[in-house]
Amino acid sequence: MDLDVLNMFVIAGGTLAIPILAFVASFLLWPSALIRIYYWYWRRALGMQVRYANYDDYQFCYSCRGRPGYRPSILMLHGFSAHKDMWLSIVKFLPKNLHLVCVDMPGHEGTTRSALDDYSISGQAKRIHQFVECIKLNRRPFHLVGTSMGGNVAGVYAAQYPEDICSLTLICPAGLPCTTDSKFIKQLRELEESEGIDRIPLIPSTPEEMADMLKLCSYVRFKVPQQILQGLVDVRIPHNDFYRKLFLEIVGEKSRHSLHENMSKIKAPTQVIWGKQDQVLDVSGASVLASAIPDCHTYILENCGHSVVVERPCKTANLILEFLALLHNMDNNKKQA
């Protein structure tokens, strides 16, 4: 082989080896950094821009895509210990001309965390209302989506600020007394009896506990490498003290049944989506909402757990779009009548 050609291959091989080795090193030594890069990449690929809004000395972090148009804007509220990027799997299946806003809930990710803040469900609903006013999202009524804890907040928001929203989607929302105890609720009761409430299943501190949490939240069994589990734990550990405080607040007397206490006040057209095999919040909660909210559209997803957004993103996105299209057609028919 010609020496110049050999040198060319050596140089080319060395050039390729650098990013490959960097990737492998990141995967083995800093998996949490790899996870952050993953979310950064998908935000860019999907056209989501990270922005900040301030209410006095309080800062909200959110991502958005598109601009307000003739169709309602969509505001998405994530669940306990998650963040705005959890919605990316659904954003992927939504039209790019829809105005989407995904906000970090109070105390989460880039939104202000304060020991003096009110993290009850009603307190969080007030904070989200401040955010809505900051970015002037309520110039026109918008569609509100919430999952789990965020679903509890979304339902209370719809009851307390009915003029802000035109419609509502609740995905496996918390805040309801279900007729059947879920696996998670049974675990909590056992921990309370044994005085081991510090070991909350939704607040993992080891890769093994993270794997158990994923099994609890998902019907689909994802094969997650040990390094990724470690990365997921590393990202969460600095925030676990806050998560414990928040968890005890939202399961306390003031917030435990907030959605149930407010559901009769919800007047906006409402859609409920629930995984049939939800082990965190039992699917019987869907019938509780359906019996209290007029003309409530309920969808139970087979072979799906609590993590509906991750397990069935395409189906969930299509259900939301179909619901909005139905409401749009009904509105047009009323105008023509």
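So, restricting to helices (runs of 4 or more DSSP H) that lie completely within the stretch 262-337, which ones have at least 3 residues that are in contact (Cβ under 8 Å) with a residue 40 or more places away in the chain and over 18 Å from the mean Cα position of the chain (by Cα)? Hits in the stretch 262-337: 285-292, 313-336. The residues listed here are P106, P95; of these, the one that is in contact with a helix residue (DSSP H, G or I) (Cβ under 7 Å, 6 or more places away or on another chain) and modelled with pLDDT of 95 or more is P106. Selection of the stretch 56-79 for residues being of a type outside the set (D, E, K, R), out of contact with any Lys or Arg (no Cβ under 8 Å at 6 or more places or on another chain) and open to solvent by 10 Å² or more (accessible area, probe 1.4 Å) yields Q59, G69, Y70. When residues in the stretch 66-90 are screened for being under 12 Å from the mean Cα position of the chain (by Cα) and under 29 Å from L326 (Cα atoms), 12 of them pass.
Summed over the stretch 94-128, residues that are touching a residue at least 60 places away in the same chain (Cβ under 8 Å), under 25 Å from A325 (Cβ atoms) and outside any loop (DSSP other than H, G, I, E, B) total 0. A single entry from N333, N318, N303 fulfils the requirement of being surrounded by fewer than 20 Cβ atoms within 10 Å (Cβ to Cβ), farther than 23 Å from P95 by Cα, modelled with pLDDT of 95 or more and not small (G, A, S): N303.
The values are calculated or read from the model by the stated rules, or taken from the named source; none is laboratory data. Small disclaimer: the values here were computed from a predicted structure and weren't measured. Every residue, glycine among them, receives a Cβ derived from its backbone with ideal geometry; neighbour counts consider all protein chains shown. Note: accessible area is taken over every heavy atom of the protein model, side chains too, but ligands, DNA and RNA are not part of it. Shrake-Rupley method; radii C 1.70, N 1.55, O 1.52, S 1.80 Å.
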